[in-house]
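J.: Sharing a structure here in structure tokens format.
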Amino acid sequence: MTSAQEILASVGLFSSRDLLLFEEYAVRRSFRKNDVLLHLGEICQSVYFILSGSFYQFHSNDITETIIDLHLPKEWMYNHSSLIEQKPSDTTIKAFEKSEVLELSLTNLHRLIAKSQSFLSLGRIFDQPNNRTYLFDRSLSPVEKYNYIKNAKPLIVQVFPVKMIASYLKIAPETLSRVRANQ
């Protein structure tokens, strides 16, 4: 089982009192495959640390789902624009497989910060769009995109099917299959 210390190590240094506070305010939740964590149009009120399993975030129209992000264990997950701007989500977050998360609501995050300034360092988890910016604000070839994602999140290629990874990378599944075959 992942400890509070392991979860928080990536964002800062916390006293044993801080770790106990975090454990008090974070809520453990379980999801079955295809359970929805955040619905389209809902305002994101929490951040989630994935303890086990995986999730995907997507836009959908009547016919297709366009993958916006793929989330793996030991990552923080949320809908960035909905959480930060407190506006209705334009994406859905769904469990790809049986999963468990720790949920920290904004209200509880503010309570933690009020009790210990150390929790201000949790602000680092709100820098997540940087990976997406790197991938999509540059003119990367399909090979470069695939290599970047393999290095940044190596488990993605083991957990998610080619079609979902291709959608996330904004390339055709056939192109991704060719890239993978040539490596």
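The values are calculated or read from the model by the stated rules, or taken from the named source; none is laboratory data. A quick note: this is a predicted structure, and the numbers were derived from the prediction, not measured. Note that each Cβ is placed from the backbone with ideal geometry, even for glycine, and that neighbours are counted across all protein chains shown. Accessible surface areas use protein heavy atoms only, side chains included; no ligands, DNA or RNA. Shrake-Rupley method; radii C 1.70, N 1.55, O 1.52, S 1.80 Å.
J.: Among the residues of the stretch 135-144, are any at pLDDT 95 or above, in a helix (DSSP H, G or I) and either touching a Leu at 6+ places or on another chain (Cβ under 9 Å) or open to solvent by 50 Å² or more (accessible area, probe 1.4 Å) (or both)?
T.: Looking for residues that are at pLDDT 95 or above, in a helix (DSSP H, G or I) and either touching a Leu at 6+ places or on another chain (Cβ under 9 Å) or open to solvent by 50 Å² or more (accessible area, probe 1.4 Å) (or both), one finds none in the stretch 135-144, hence no.
J.: With the condition kept exactly as written, say whether any residue in the stretch 70-89 is assigned to a strand (DSSP E or B), hydroxyl-bearing (S, T, Y) and either modelled with pLDDT under 90 or surrounded by 21 or more Cβ atoms within 10 Å (Cβ to Cβ) (or both).
T.: No.
J.: Still on this structure, I have one more. Pick from the stretch 150-172 the residues that are assigned to a loop (DSSP other than H, G, I, E, B) and within 22 Å of S139 (Cα to Cα): which of them is most open to solvent (accessible area, probe 1.4 Å)?
T.: K170
J.: Can you name every residue in the stretch 15-68 that is open to solvent by 30 Å² or more (accessible area, probe 1.4 Å), touching a residue at least 12 places away in the same chain (Cβ under 8 Å) and among the acidic types (D, E)?
T.: Listed by number, the residues that qualify are E23, D35, E42, E65.
J.: Does the stretch 10-68 hold any residues that are in a loop (DSSP other than H, G, I, E, B) and farther than 16 Å from T91 by Cα, and which are they?
T.: Of everything in the stretch 10-68, those that are in a loop (DSSP other than H, G, I, E, B) and farther than 16 Å from T91 by Cα turn out to be S10, V11, G12, L13, F14, S15, A26, R32, K33, G53, S54.
J.: Something else now. Taking the residues in the stretch 5-55 that are touching a helix residue (DSSP H, G or I) at 6+ places or on another chain (Cβ under 6 Å) and charged (D, E, K, R) as candidates, determine which candidate is farthest from K74 (Cα to Cα).
T.: D18
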